[in-house]
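Report on one structure; see the data block that follows.
The values are calculated or read from the model by the stated rules, or taken from the named source; none is laboratory data. Small disclaimer: the values here were computed from a predicted structure and weren't measured. Don't worry about glycine lacking a Cβ; one is built from the backbone with ideal geometry, like all the others, and counts go over all protein chains shown.
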Amino acid sequence: MNAIDLLKQDHKTVKTLLAELSETTSRAVKKRSELLRKIDLELSQHTAIEEEIFYPALRQVGEKEDEKMYFESREEHRTVDSLVLPDLKNTRPDSMEFAGRVKVLKELLEHHIQEEEKEMFPRAEQLLDHPTLDRLAVAMQQMKKDIKAQWEKRAA
Ligand SMILES: [Fe+2]
Ligand SMILES: [Fe+2]
(Lines give C-alpha, C1' and ligand atoms only; values in the text may rest on other atoms or scores of the structure.)
(Ligands and ions follow the chains in the order given, each with its own letter.)
Protein backbone atom coordinates (compact mmCIF):
# COMPACT_ATOMS: atom_id res chain seq x y z
CA MET A 1 0.00 0.00 0.00
CA ASN A 2 1.45 3.39 -0.91
CA ALA A 3 1.05 6.65 1.02
CA ILE A 4 -1.98 7.83 -0.92
CA ASP A 5 -3.84 4.53 -0.58
CA LEU A 6 -3.16 4.61 3.13
CA LEU A 7 -4.49 8.15 3.53
CA LYS A 8 -7.57 7.33 1.46
CA GLN A 9 -8.24 4.29 3.57
CA ASP A 10 -8.05 6.47 6.69
CA HIS A 11 -10.51 8.90 5.10
CA LYS A 12 -12.95 6.09 4.46
CA THR A 13 -12.69 4.92 8.07
CA VAL A 14 -13.32 8.42 9.44
CA LYS A 15 -16.24 9.02 7.09
CA THR A 16 -17.86 5.74 8.12
CA LEU A 17 -17.45 6.54 11.82
CA LEU A 18 -18.86 10.04 11.33
CA ALA A 19 -21.84 8.71 9.41
CA GLU A 20 -22.49 6.23 12.22
CA LEU A 21 -22.16 8.94 14.84
CA SER A 22 -24.52 11.28 13.03
CA GLU A 23 -27.18 8.58 12.94
CA THR A 24 -27.22 8.12 16.72
CA THR A 25 -29.84 9.73 18.93
CA SER A 26 -29.41 11.50 22.26
CA ARG A 27 -30.44 8.26 24.00
CA ALA A 28 -27.40 6.41 22.64
CA VAL A 29 -25.04 7.98 25.16
CA LYS A 30 -22.61 5.09 25.39
CA LYS A 31 -22.47 4.56 21.65
CA ARG A 32 -21.88 8.26 21.06
CA SER A 33 -18.97 8.32 23.51
CA GLU A 34 -17.43 5.19 22.03
CA LEU A 35 -17.67 6.47 18.46
CA LEU A 36 -16.31 9.85 19.44
CA ARG A 37 -13.32 8.21 21.09
CA LYS A 38 -12.62 6.21 17.96
CA ILE A 39 -12.90 9.29 15.77
CA ASP A 40 -10.61 11.19 18.11
CA LEU A 41 -7.91 8.52 17.83
CA GLU A 42 -8.29 8.18 14.06
CA LEU A 43 -7.99 11.92 13.59
CA SER A 44 -4.99 12.23 15.91
CA GLN A 45 -3.18 9.57 13.93
CA HIS A 46 -4.22 10.88 10.57
CA THR A 47 -3.45 14.55 11.21
CA ALA A 48 -0.06 13.62 12.60
CA ILE A 49 1.00 11.48 9.65
CA GLU A 50 -0.16 14.13 7.21
CA GLU A 51 1.42 17.07 8.95
CA GLU A 52 4.63 15.39 9.96
CA ILE A 53 5.26 13.04 7.04
CA PHE A 54 3.08 13.50 3.98
CA TYR A 55 2.64 17.27 3.71
CA PRO A 56 6.36 18.03 4.26
CA ALA A 57 7.34 15.50 1.59
CA LEU A 58 4.97 17.12 -0.88
CA ARG A 59 6.00 20.59 0.12
CA GLN A 60 9.64 19.80 -0.61
CA VAL A 61 8.93 19.16 -4.27
CA GLY A 62 5.93 21.46 -4.70
CA GLU A 63 5.53 24.89 -6.22
CA LYS A 64 3.83 28.10 -5.15
CA GLU A 65 0.29 26.83 -5.72
CA ASP A 66 1.07 23.73 -3.68
CA GLU A 67 2.25 25.94 -0.88
CA LYS A 68 -1.15 27.68 -0.80
CA MET A 69 -2.89 24.32 -0.66
CA TYR A 70 -0.58 23.27 2.16
CA PHE A 71 -1.46 26.24 4.33
CA GLU A 72 -5.16 25.93 3.64
CA SER A 73 -5.09 22.28 4.64
CA ARG A 74 -3.20 23.00 7.83
CA GLU A 75 -5.76 25.64 8.72
CA GLU A 76 -8.57 23.13 8.25
CA HIS A 77 -6.79 20.65 10.48
CA ARG A 78 -6.38 23.34 13.10
CA THR A 79 -10.07 24.23 13.00
CA VAL A 80 -10.99 20.63 13.68
CA ASP A 81 -8.25 19.83 16.20
CA SER A 82 -8.32 22.96 18.29
CA LEU A 83 -11.91 24.14 18.01
CA VAL A 84 -14.56 21.76 16.76
CA LEU A 85 -13.34 18.47 18.17
CA PRO A 86 -12.43 19.76 21.67
CA ASP A 87 -15.85 21.44 21.79
CA LEU A 88 -17.61 18.23 20.87
CA LYS A 89 -15.62 16.27 23.45
CA ASN A 90 -16.83 18.73 26.06
CA THR A 91 -20.45 18.36 25.03
CA ARG A 92 -22.78 16.00 26.86
CA PRO A 93 -23.75 13.19 24.48
CA ASP A 94 -27.38 13.45 25.59
CA SER A 95 -27.66 17.16 24.85
CA MET A 96 -29.23 18.96 21.89
CA GLU A 97 -25.91 20.63 21.07
CA PHE A 98 -24.19 17.31 20.46
CA ALA A 99 -25.94 16.49 17.17
CA GLY A 100 -25.35 20.00 15.82
CA ARG A 101 -21.67 19.84 16.61
CA VAL A 102 -21.35 16.41 15.02
CA LYS A 103 -22.93 17.82 11.89
CA VAL A 104 -20.43 20.67 11.73
CA LEU A 105 -17.50 18.30 12.29
CA LYS A 106 -18.79 15.95 9.59
CA GLU A 107 -19.25 18.73 7.04
CA LEU A 108 -15.83 20.22 7.72
CA LEU A 109 -14.09 16.89 7.40
CA GLU A 110 -15.97 15.84 4.29
CA HIS A 111 -15.00 19.11 2.64
CA HIS A 112 -11.39 18.73 3.73
CA ILE A 113 -11.17 15.10 2.61
CA GLN A 114 -12.61 15.95 -0.76
CA GLU A 115 -10.07 18.68 -1.34
CA GLU A 116 -7.22 16.40 -0.41
CA GLU A 117 -8.45 13.62 -2.65
CA LYS A 118 -9.36 15.83 -5.61
CA GLU A 119 -6.50 18.31 -5.51
CA MET A 120 -3.66 17.37 -3.24
CA PHE A 121 -3.34 13.64 -3.82
CA PRO A 122 -3.36 13.86 -7.64
CA ARG A 123 -0.67 16.49 -7.31
CA ALA A 124 1.35 14.20 -5.03
CA GLU A 125 1.02 11.42 -7.58
CA GLN A 126 2.47 13.77 -10.18
CA LEU A 127 5.33 14.99 -8.06
CA LEU A 128 6.40 11.97 -6.01
CA ASP A 129 7.65 8.72 -7.51
CA HIS A 130 6.55 5.24 -6.47
CA PRO A 131 9.52 4.38 -4.24
CA THR A 132 8.96 7.64 -2.36
CA LEU A 133 5.24 6.99 -1.90
CA ASP A 134 6.04 3.50 -0.63
CA ARG A 135 8.68 4.78 1.74
CA LEU A 136 6.31 7.40 3.13
CA ALA A 137 3.68 4.73 3.71
CA VAL A 138 6.06 2.68 5.84
CA ALA A 139 6.90 5.69 7.99
CA MET A 140 3.22 6.61 8.29
CA GLN A 141 2.20 3.10 9.35
CA GLN A 142 4.87 3.16 12.03
CA MET A 143 3.80 6.55 13.31
CA LYS A 144 0.17 5.44 13.49
CA LYS A 145 1.20 2.44 15.58
CA ASP A 146 3.24 4.62 17.92
CA ILE A 147 0.39 7.05 18.46
CA LYS A 148 -2.06 4.24 19.15
CA ALA A 149 0.34 2.73 21.68
CA GLN A 150 0.60 6.09 23.44
CA TRP A 151 -3.17 6.35 23.59
CA GLU A 152 -3.54 2.91 25.04
CA LYS A 153 -0.89 3.67 27.62
CA ARG A 154 -2.73 6.82 28.62
CA ALA A 155 -6.07 5.01 28.84
CA ALA A 156 -4.64 2.21 31.00
FE1 LIG B 1 -5.99 16.31 6.18
FE1 LIG C 1 -6.43 13.44 5.04
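Of the residues THR79, THR132, which is more than 18 Å from the chain's Cα centre (by Cα) and modelled with pLDDT of 95 or more? First the steps, then the outcome.
Values: THR79 fails: more than 18 Å from the chain's Cα centre (by Cα).
Among THR79, THR132, only THR132 is more than 18 Å from the chain's Cα centre (by Cα) and modelled with pLDDT of 95 or more.
Output the number of residues of the stretch 1-20 satisfying the condition of being in contact (Cβ under 8 Å) with a residue 40 or more places away in the chain and of a type outside the set (A, V, I, L, M, F, W, C).
5
Considering only the stretch 46-96, how many residues are within 19 Å of GLN126 (Cα to Cα) and among the hydrophobic types (A, V, I, L, M, F, W, C)?
So the answer is 6.
Would you check if there is a residue in the stretch 124-133 being within 16 Å of ligand 1 (Cβ to nearest atom), within 24 Å of LYS68 (Cα to Cα) and touching a residue at least 60 places away in the same chain (Cβ under 8 Å)?
Initial filter on the stretch 124-133 (within 16 Å of ligand 1 (Cβ to nearest atom)): 124.
Within this subset, residues satisfying the condition of being within 24 Å of LYS68 (Cα to Cα) are 124.
Narrowing the set further to residues that are touching a residue at least 60 places away in the same chain (Cβ under 8 Å) leaves 124.
Scanning the stretch 124-133, I find at least one residue that is within 16 Å of ligand 1 (Cβ to nearest atom), within 24 Å of LYS68 (Cα to Cα) and touching a residue at least 60 places away in the same chain (Cβ under 8 Å), so the answer is yes.
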(request) Taking the residues in the stretch 71-114 that are surrounded by 13 or more Cβ atoms within 10 Å (Cβ to Cβ) and not in a helix (DSSP H, G or I) as candidates, determine which candidate is nearest to ligand 2 (Cβ to nearest atom). (result) THR91
(message) Would you confirm whether or not the stretch 51-69 contains a residue that is away from ligand 1 (no atom under 14 Å from the Cβ), surrounded by 13 or more Cβ atoms within 10 Å (Cβ to Cβ) and among the charged types (D, E, K, R)?
(response) yes
(request) Kindly check whether there is at least one residue in the stretch 6-19 that is out of contact with any helix residue (DSSP H, G or I) (no Cβ under 9 Å at 6 or more places or on another chain), over 21 Å from PHE121 (Cβ atoms) and among the small types (Gly, Ala, Ser). (result) no
(request) Name every residue in the stretch 24-52 that is away from ligand 2 (no atom under 11 Å from the Cβ), of a type in the set (Ser, Thr, Tyr) and part of a helix (DSSP H, G or I), in order of residue number. (result) SER33, SER44
(message) If GLU23 meets every condition in (1) without any contact (Cβ under 8 Å) to a residue 12 or more places away in the chain; (2) farther than 25 Å from GLN142 by Cα; (3) within 16 Å of ligand 1 (Cβ to nearest atom) apart from one, which number is that one?
(response) (3)
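Every residue, every condition in (1) among the polar types (S, T, N, Q); (2) in contact with a His (Cβ under 7 Å, 6 or more places away or on another chain); (3) in contact (Cβ under 8 Å) with a residue 24 or more places away in the chain, yes or no:
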| position | (1), (2), (3) |
| --- | --- |
| ILE53 | no, no, yes |
| GLN60 | yes, no, no |
| GLU67 | no, no, no |
| LEU83 | no, no, no |
| SER95 | yes, no, yes |
| VAL102 | no, no, yes |
| LYS106 | no, no, yes |
